[in-house]
Amino acid sequence: MIFLDAAATTPVRREVLDAMWPHLTGGFGNPSSHHTLGESAAAALAGARSAVASVLGCRQGEVVFTSGGTEADNLAVKGIALARQAANPQLDRVVISAVEHPAVEESARYLERFHGFTVDVVPVDATGRVTPEALAAVLHPETALVSIMYANNEVGTVQPIPALAELAHARGVPFHTDAVQAAGWLPLDTSSLGVDAMSISGHKLGAPKGCGALFVRSRVRLEPVIHGGGQERGRRSGTENVAGAVGLATALTLAQDRQPEQQARVETLRDRFIGAVLAGVPQAILTGHPSERLPSVASFCFPGTSGESVLLELERRGVVCSSGSACAAGSDAPSPVLTAMGISAEVAQTAVRFSFDASVTEEDLAAAAAAVRAAVGSVKNLGAGQRP
Ligand code: PLP
């Protein structure tokens, strides 16, 4: 099997499992307990926090461990907007982009449904990018927060985060970015990015599912979303997932240490793969930005086919990938990300996303490109209405 669905999830790395193991077995303490077992769990958690903070270029106290990217996004969007509204009731608008993950979009819609917020959606261009001009047009004096993702999960387009964050700051608005797909591939230094909050998730990086973190700059007020015993300095209650935090820290550090060389290698392979697919399938359309895209994502539409049928044919040939977001898998609706980029609903239904982790090889991608050619050919030959 050639696994080209790493944007959905990745296997846990051996080094990560090894780092987690002691905290799942002998060192199983609760970090809030006042005995040696608890203290050593607290020390492990502090070590993990320090490692994550060092990759994000922030203070340890600015890292909040969460159960993953979805919770980090919820905490950022709801937590910052609600805290700002509590301090100033006139702040009742939030800005998101048209291509956000549902974790951000639905958090904003929750604010709209239950807290009287207006959601301003900033459009993207045909490559999936938000321009500073488009953002400027939706900023209001009442804007409490801007949330724009770093890199898109369906097409891989990378947003100009420093420019967008600077613009929000010039209007006095804090800026959150969902870096779940960017982590491990792109620089994560929060000062250079200029962000006030940033979400990451372990399972896209070789850590287990169910661990993530939110960076929140210390001056930014945050209303908790999960209430309880006041862990994580009151920002996220619940007994901490010590082994998960250690796993996240290990995976993030490993990915970041190898980032520049990995990025260059995988980018070259990705571009060769894109070239081979476009050459082998003349009607194929590359979606997303041609160069400002994640090294790890190649996404296409294959007009005249159905994305789901191409996926089935690819799987029969040993290539596993997806039609876009894993969250939307099984849904017949065209991807809102693709339609926001101006792609028709009909063409959007033919989307296929290939996403790789750093272990991808040239041979894998050459075989995958040949499989794509054969799969699209066989789906087309079946004619409309017939599924293989
Ligand atoms: N944000 C983006 C861009 C994602 O791709 C994902 C996962 O697919 C998430 C958020 C949610 O992360 P998690 O699966 O850790 O909840």
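The values are calculated or read from the model by the stated rules, or taken from the named source; none is laboratory data. What you are looking at is a predicted structure, and each value in this text was computed from that prediction instead of being measured. Positions of Cβ are generated from backbone atoms using ideal geometry, with glycine treated the same way; all protein chains shown enter the neighbour counts. For accessibility, only protein heavy atoms count, side chains too; no ligands or nucleic acids. Shrake-Rupley method; radii C 1.70, N 1.55, O 1.52, S 1.80 Å.
Once R0 is set to 41 Å, what does the formula 1/(1 + (r/R0)^6) return for the Cβ-Cβ distance between Gln60 and Ile285, expressed as a FRET efficiency to the nearest 0.05?
Numbers: r = 45 Å, r/R0 = 1.11.
Step by step, r from the Cβ atoms, then E = 0.35.
Any chance you could look up the accessible area of Lys209 with a 1.4 Å probe, heavy atoms only, rounded to 10 Å²?
The accessible area comes out at roughly 130 Å².
Given a 1.4 Å probe and every protein chain left where it sits, what share in percent of the accessible area of the chain is carbon and sulfur?
Numbers: 8420 of 15510 Å².
Summing carbon and sulfur atoms, their accessible area is 54 percent of the total for the chain.
Provide the FRET efficiency to the nearest 0.05 for the Ala46-Lys380 pair, computing r from the beta carbons and using R0 = 45 Å. Kindly include the intermediate steps, with their values, before the conclusion.
On the way: r = 57 Å, r/R0 = 1.27.
Efficiency, from the Cβ-Cβ distance: 0.20.
Along Cα→Cβ, 7 Å out, is where each label goes; now give me the distance between the ones at Ile226 and Thr339 in nm to one decimal.
3.3
How high is the FRET efficiency between His140 and Glu346 when r is their beta carbon distance and R₀ equals 35 Å, given to the nearest 0.05?
Working: r = 35 Å, r/R0 = 1.01.
Calculated transfer efficiency: 0.50.
What is the extension gain from Arg272 to Asp257, computed as 0.36 nm multiplied by their sequence separation minus the C-alpha to C-alpha distance, in nm to one decimal?
Numbers: separation 15, 0.36 × 15 = 5.40 nm, distance 2.49 nm.
Additional length available on full extension: 2.9 nm.
So what's the angle, to the nearest 10 degrees on a 0 to 90 scale, between helix 362-382 and the longest Cα principal axis of the chain?
Approximately 60 degrees, to the nearest ten.
Run the paramagnetic zone check for Glu315: 7 angstrom along Cα to Cβ, then residues of the stretch 1-29 with backbone nitrogen under 16 Å.
So the set is 1-6, 8-9.
Taking loop as defined by DSSP and a crowding limit of 15 other beta carbons within 10 Å, which GluC sites (Glu not before Pro) in the stretch 202-292 fit? Intermediate results must be reported in sequence, preceding the final value.
On the way: sites: Glu232, Glu240, Glu261, Glu267, Glu292; in loops: Glu240, Glu292.
Sparse-neighbourhood loop GluC sites (Glu not before Pro): Glu292.
What do you get for the angle between helix 242-257 and the principal long axis of the chain? Use alpha-carbon atoms, 0 to 90 degrees, nearest ten.
Roughly 60 degrees, rounded to the nearest 10.
Over the Cα atoms of the stretch 14-257, each weighted equally, I'd like the Debye log10 I(q)/I(0) at q = 0.13 Å⁻¹, rounded to two decimals.
Each listed q corresponds, in turn, to -0.74.
Determine the calculated [θ] at 222 nm for the chain from helices alone, applying -39500 (n - 2.57) to every DSSP H run no shorter than 4 residues and normalising by the residue count; nearest 500 deg cm²/dmol.
Working: 13 runs with 164 residues, N = 388.
Calculated at 222 nm, the ellipticity per residue is -13500 deg cm²/dmol.
If you average the sequence gap of Cα pairs under 8 Å that are 6 or more apart and divide by the length of the chain, what percent do you get for the contact order? Kindly include the intermediate steps, with their values, before the conclusion.
Working: 809 pairs, mean separation 86.0, N = 388.
RCO, the chain: 22 percent.
Please report the antiparallel percentage of the DSSP beta bridges confined to the chain, to the nearest 5. Intermediate values should be presented prior to the final figure.
Details: 19 of 36 bridges.
Percent antiparallel among DSSP bridges in the chain is about 55.
On a 0 to 90° scale, report how tilted helix 102-115 is relative to the longest principal axis of the chain, with both axes built from alpha carbons and the result rounded to the nearest 10.
Compared with the principal axis, the helix lies near 50 degrees.
List the residues, sorted by chain then number, that are 5 or more residues from Asp120 or on another chain and whose placed amide H is less than 5 Å from its amide H.
Hits under the 5 Å cutoff: Val94, Val95, Ile96.
Multiply the residue separation of His115 and Ala163 by 0.36 nm, subtract the distance between their alpha-carbon atoms, and state the gained length in nm to one decimal.
Roughly 14.3 nm would be gained on extension.
At 1.4 Å probe radius, can you tell me the per residue accessible area of the chain in Å²?
Values: 15510 Å² over 388 residues.
For the chain, the solvent-accessible area averages 40 Å² per residue.
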